[in-house]
Amino acid sequence: MMRLAILGSTGSIGTQTLEVARWHGHRVVALAAGRNSESILRQAHEFRPELVAVDEAVADEVRERLPAGTRIVFGAEGLEAVATAQADVVVAAIPGIAGLAPTAAALRAGRHVALANKEAMVVAGPLMWELAREHGGRITPVDSEHSALQQCLVGEDRSTVAALVLTASGGPFREGPKDLSRVTPAQALDHPTWSMGPKVTIDSATLFNKGLEVLEAHFLFEMPLEQIEVVVHPQSIVHGLVRFKDGTLKAVVGPHDMRLPIQYALVGPERPHTPLAALPLRGSWTFEEPDHQRFPSLNLAYRAGRAGGLAPTFLNAADEVAVEAFLNGGLSFDAIPLVLEQVLGEAPAAALTWDAIAAADAEARRLAQHHARLVAS
């Protein structure tokens, strides 16, 4: 039985982590959510954590209905309290730039972080590793693709690796329509294989999610960008591959169920039994090159990675603004990469530091809002 703290417990990764906890009887000691008071209260009454963190706007409502023995905290201090709770694993599943500070706090406290927040590596990967190494923390990926890569690398000499290969479903528009300008949010949110939150689902439809994963792999495994490949695999059965210098490929194959990589992040390399049905070995598996012309966001991620410094911060912030504008009807689907390219082009050639990230994120968001208005007009 493990002691778990979950940052973002009411989101997709958080709720699936709690399912894994139910499978194995893990003790949930701390939960952090936002404003979803009903969900966090259900979780608190089931798992009886020592600590619950919520947005200050719902703190009074939640406090009155918490089970005896559960303490409530809120705001940035509340997130840090959950991140540094006495847990064997801290699951970092708060999406976006908001997840950066609590993830850093967990590593500063020497915790094992099961990382589901892509931005932690994309925006601050080298800084996160500095914290982990200085304070004895540990970082394990939760993303199915990066979990697959990690599993493929177990027991292998890194000097024998030729490339890391990330697989992409291709999203809902892999085969059409030709004109992406008329795509609606409802269509873009209808992912063919995975069940994810709105932001990640839209990013999957533009292939920017795969771009974020390229940057995440670059920083997480400290591998040159030139050694990270992307291949479209619509069946989403092969989650990641490692290409070795002798020509051999090693892959992780399994159902598209996020509970498996979550479980591996918690207890790997152990593989306890799960109640999931065995994957049937039938049908065809296909692989194809990404369509960079229709989905230019993927190449923009490589470009940001080559620029380094604050360029990934600018690109990530621009995407958060552009995706929100699209979901709110203020930007067409095909205009998302146009906004990203404009903002990335204005990223300064400055060093990556903790102090610089917040200012860079704010400036990139301002620029993205400006460019989104220009593109939409």
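The values are calculated or read from the model by the stated rules, or taken from the named source; none is laboratory data. These numbers were taken from a predicted model, which means no experiment stands behind them. Cβ: placed from backbone, ideal geometry, glycine included. Neighbour counts: every protein chain shown.
Numbers for the structure displayed
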read-out: Test result for residue 274, touching a Lys or Arg at 6+ places or on another chain (Cβ under 8 Å) and surrounded by fewer than 19 Cβ atoms within 10 Å (Cβ to Cβ); value: yes
read-out: Entirely in region 19-107, the helices (runs of 4 or more DSSP H) that have 3 or more residues that are within 26 Å of residue 216 (Cα to Cα); value: 75-83
read-out: Any hit, region 347-362, residues being under 25 Å from residue 173 (Cβ atoms) and not acidic (Asp, Glu); value: no
read-out: Pairs where the first residue, in region 353-377, is free of Cβ contacts under 8 Å to residues at least 60 places away in the same chain and the second is surrounded by fewer than 18 Cβ atoms within 10 Å (Cβ to Cβ) and of a type in the set (Phe, Trp, Tyr), C-beta under 6 Å, 6+ apart; value: none
read-out: Of all residues making up region 339-365, the number that are in a helix (DSSP H, G or I) and within 23 Å of the chain's Cα centre (by Cα); value: 17
read-out: Enumeration of residues in region 252-266 that are surrounded by 17 or more Cβ atoms within 10 Å (Cβ to Cβ) and modelled with pLDDT of 95 or more; value: 252, 259, 260, 261, 262, 263, 264, 265, 266
read-out: Selection count where residues are of a type in the set (D, E, K, R) and buried (at least 20 other Cβ atoms within 10 Å of the Cβ), scope region 321-362; value: 1
read-out: Selection count where residues are at pLDDT 95 or above, more than 20 Å from residue 111 (Cβ to Cβ) and not hydrophobic (A, V, I, L, M, F, W, C), scope region 39-59; value: 6
read-out: Among the residues listed as 76, 114, 109, the single one being hydrophobic (A, V, I, L, M, F, W, C) and in contact with a strand residue (DSSP E or B) (Cβ under 6 Å, 6 or more places away or on another chain); value: 114
read-out: Single match in 326, 295, 314 (criterion: farther than 22 Å from residue 97 by Cα and either of a type outside the set (S, T, N, Q) or touching a residue at least 40 places away in the same chain (Cβ under 8 Å) (or both)); value: 295
read-out: Residue within region 209-218 that is over 21 Å from residue 319 (Cβ atoms) and either in the same structural domain as residue 294 (by TED's automatic domain parsing) or not in a helix (DSSP H, G or I) (or both) present; value: no
read-out: Matching residues in region 176-190 - criterion: being buried (at least 16 other Cβ atoms within 10 Å of the Cβ) and either modelled with pLDDT under 90 or assigned to a loop (DSSP other than H, G, I, E, B) (or both); value: 183, 189
read-out: All positions within region 1-14 that are within 15 Å of residue 92 (Cβ to Cβ) and either free of Cβ contacts under 8 Å to residues at least 60 places away in the same chain or not in a helix (DSSP H, G or I) (or both); value: 4, 5, 6, 7, 8, 9, 10, 11
